[in-house]
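*Asks:* A single structure is presented below for examination.
Values in this text are rule-based calculations from the coordinates and carry no lab data. Bear in mind that the values here come from a model prediction, so they are computed numbers and not experimental data. Note that each Cβ is placed from the backbone with ideal geometry, even for glycine, and that neighbours are counted across all protein chains shown.
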Amino acid sequence: MSFEYRNGSLYCESVPLAEIAASAGTPCYVYSTAGILSRFLEYDSSFDANQPHTVCYAVKANSNLSVLRLLAQAGAGFDIVSAGELYRVLRAGGDPSQVVFSGVGKTFAEIDYALKSGIHSFNCESETEIEWISECATRQGKEARIALRVNPDVDAATHPYISTGLKENKFGIDIALAEEAYRKANALPGLIVDSVSCHIGSQILNPTSMLEAVDRVLALIERLRDQGVRITHVDLGGGLGIAYKPNDATPSIREYIGQLNARLAGRNLHVAVEPGRSLVAESGVLLSKVILHKHNGSKLFTVIDAAMNDLMRPALYQAHHEIQPVHQHQGRDTVTADIVGPVCESGDFLAKDRQMPSVEIGELLAIRDAGAYGFVMSSNYNSRPRAAEVLVDGSSWKIVRERETFEDLIQNEL
Ligand code: LLP
């Protein structure tokens, strides 16, 4: 466990969170090296020994350079969705030949940069994009490897904002039209069309829908091969969920990859997966301090120094994050409170009607499972400097991103 109580005090690995808060201040993101690496190793080691594979970490989940560097050193590939993410991966020492570029709106300039950097392949989502990659590759005198991202029309049964595999979503190429799209792509110069990719959504708690999508993709690969299209790679995306609530049933990484092994055996395919959340979410907390309490009518509001600008998920997806006092005390009352930030919006809450041990002004709270889609989605709304980020490794820790200053807030303005 990356985070656990020892003698009534919450630790990250061997470091008390209170020590970090005292020195780095709050709000502050804290990540566990051991937690992130153990998740990566679980993915990597769950593939059958003779199954060629790459675990491409979805950079969007947490793109701190130190997190990327950890994963690069462990041998991860990367799934990127912008030139900025590619820049980060390269700066962190990631291997460009293990990078896949996803996303529905790559610009010509982004394609150019990625090709020059020598990425492994592009997951393409439209015919226009494929034409641009062909043109760009021809100009550079190179061959670009591409996959077509197909939309398998499978319901991921997750929050509508993070569901991507239905016909009504903007993502991918309709699987029913894929064969025609492969024929067209194969006729263009400068392309190696050797892969199929797919990603149906995020925070998927029941992997049945993911496996349904895999089956549809593998059936497509058979049809393509029958038609003479040489498919050697498949990219099955990310999406595996985590237990934000203590009683959520978590799909195990090992079981899910086991299911992939069974389906891929004997097919002669290199497989990539693109996990984000399941690699890093549980290995991060957002540390915050209680500012004050207030009552409005019958409601109790606990106002803390972290807000929707720091952790957007509750406001945007009504997401649940467990919130724990950093110090446990015996005999506290249990209260029902809204845990809110200081931002001037009623949508600014970290928890609503939450049963919590009553906490005091100045106390530290840990908002759990904030390692994915936490800092990366934060903003300066209400002119709040963005939080610091800390990486713990055993009994040592360091600030891997300084808290922003007021000067940082205005540095690009005239
Ligand atoms: N690959 C592609 C093409 C994706 O679009 C995504 C996530 C992933 C991989 C990684 O998925 P994961 O393993 O993390 O589920 N901000 C939202 C999540 C958005 C996910 C977007 N795409 C949240 O906070 O829940």
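*Asks:* Starting from the Cα of residue 250, step 7 Å toward the Cβ, then list every residue of region 184-206 with an amide N under 17 Å from that point.
*Replies:* Only 203-206 fall inside the zone, counting backbone N under 17 Å.
*Asks:* Choose one of 414, 81, 336: the residue whose Cα lies farthest towards the positive end of the charge dipole of the chain (beta-carbon charges +1 Lys, Arg; -1 Asp, Glu; about the Cα centre).
*Replies:* Of the listed residues, the answer is 81.
*Asks:* Would you mind giving the average projected area, over all directions, of the Cα convex hull of region 275-414 in nm² with one decimal?
*Replies:* The directionally averaged projection comes out at 10.4 nm².
*Asks:* Would you please calculate the Kirkwood hydrodynamic radius of region 358-399 over all C-alpha pairs and express it in Å, rounded to one decimal?
*Replies:* Every distinct Cα pair counted, the radius reaches 13.0 Å.
*Asks:* Could you tell me how far the Cα centroid of region 348-405 sits from the Cα centroid of region 113-138, in Å?
*Replies:* Taking the Cα centre of each part, region 113-138 and region 348-405 sit 37 Å apart.
*Asks:* Exposure proxy check: 327, 199 ranked by fewest other beta carbons within 10 Å?
*Replies:* Sorted ascending by nearby Cβ count, the order is 327, 199.
*Asks:* Let me ask you something else. Over all alpha-carbon pairs in region 231-313, figure out the percentage whose distance exceeds 21 Å.
*Replies:* For region 231-313, the fraction of Cα-Cα distances above 21 Å is 55 percent.
*Asks:* A follow-up question, please. Is there a quick way to get the dipole size of region 103-273? I mean about its Cα centre, with the Cβ of Lys and Arg at +1 and of Asp and Glu at -1; what is the value in debye to the nearest 20?
*Replies:* 400
*Asks:* Ranked from highest to lowest mean number of other Cβ atoms within 10 Å per residue, what is the order of the peptides 146-155, 100-109?
*Replies:* Averaged packing, sorted descending, gives the order 146-155, 100-109.
*Asks:* Something else: Under a no-solvent Debye model with one identical scatterer per Cα of region 103-273, what's log10 I(q)/I(0) at q = 0.12, 0.14 Å⁻¹?
*Replies:* Calculated log10 I(q)/I(0) at the listed q: -0.55, -0.74.
*Asks:* Under a 10 Å cutoff between Cα atoms, tell me which one of 273, 55, 343 has the largest fluctuation in the Gaussian network model of the chain.
*Replies:* Most flexible of the set in this elastic network: 343.
*Asks:* Suppose we keep just the DSSP beta bridges with both residues in region 103-273; what percent of those would be antiparallel, to 5?
*Replies:* Around 5 percent antiparallel, to the nearest 5.
*Asks:* Could you work out the relative contact order of the chain, using alpha carbon pairs under 8 angstrom and six or more residues apart, expressed as a whole percent?
*Replies:* Dividing the mean separation by the residue count of the chain yields 20 percent.
*Asks:* Around residue 11, which amide H atoms from residues at least 5 apart in sequence, or from another chain, sit under 5 Å from its own amide H, with H modelled in the peptide plane?
*Replies:* HN-HN under 5 Å from residue 11: 4, 5, 6, 17.
*Asks:* If the only charges are +1 at each Lys and Arg Cβ and -1 at each Asp and Glu Cβ, what is the size of the charge dipole of region 255-321 around the Cα centre, to the nearest 20 debye?
*Replies:* Value, rounded to 20: 160 debye.
*Asks:* Using a Gaussian network model of the chain whose springs link C-alpha atoms within less than 10 Å, name the residue from 45, 202, 134 with the highest mean-square fluctuation.
*Replies:* Of the options given, 45 has the highest mean-square fluctuation.
*Asks:* Next up: Got a sec? Charge dipole of the chain, +1 on Cβ for Lys and Arg, -1 for Asp and Glu; which of 94, 220, 388 is way out at the positive end?
*Replies:* My answer, from the dipole projection, is 94.
*Asks:* Sequence neighbours fewer than 8 away in the same chain don't count; with that in mind, list the lysines whose C-alpha is under 27 Å from residue 245.
*Replies:* 60, 289, 294, 299, 352
*Asks:* Over all pairs of distinct alpha carbons, what does the Kirkwood formula give as the hydrodynamic radius of the chain, in Å?
*Replies:* For the chain, the Kirkwood estimate is 22.5 Å.
*Asks:* Could you state the per residue volume, in Å³, of the convex hull enclosing the Cα atoms of region 224-263?
*Replies:* 86
*Asks:* About the Cα centre of the chain, what is the dipole size in debye to 20, counting +1 per Lys and Arg Cβ and -1 per Asp and Glu Cβ, all else neutral?
*Replies:* So the dipole magnitude of the chain works out to roughly 240 debye.
*Asks:* Using the number of other C-beta atoms within 10 angstrom as an exposure proxy, rank 31, 244 with the fewest first.
*Replies:* Result, fewest neighbours first: 244, 31.
*Asks:* Please report the antiparallel percentage of the DSSP beta bridges confined to the chain, to the nearest 5.
*Replies:* In the chain, approximately 50 percent of DSSP beta bridges are antiparallel ones.
*Asks:* Separate question: Any idea which of 161, 243, 104 is furthest toward the positive side of the dipole for region 103-273, if Lys and Arg beta-carbons carry +1 and Asp and Glu beta-carbons -1?
*Replies:* Toward the positive end, the furthest listed residue is 243.
*Asks:* While we're here: Taking every DSSP beta bridge that has both residues in region 196-305, what percent is antiparallel when rounded to the nearest 5?
*Replies:* In region 196-305, approximately 50 percent of DSSP beta bridges are antiparallel ones.
*Asks:* How many angstrom lie between the Cα centre of region 266-327 and the Cα centre of region 187-252?
*Replies:* Distance between centres, Cα-based: 27 Å.
*Asks:* Please identify, among 114, 243, 262, the residue showing maximal mean-square fluctuation in a Gaussian network model of the chain using a 10 angstrom Cα cutoff.
*Replies:* For the chain, modelled as a Gaussian network with Cα springs under 10 Å, the answer is 262.
*Asks:* Quick one: 334, 138, 164, fewest Cβ neighbours within 10 Å first, how do they rank?
*Replies:* By the 10 Å Cβ count, ascending, the order reads 334, 138, 164.
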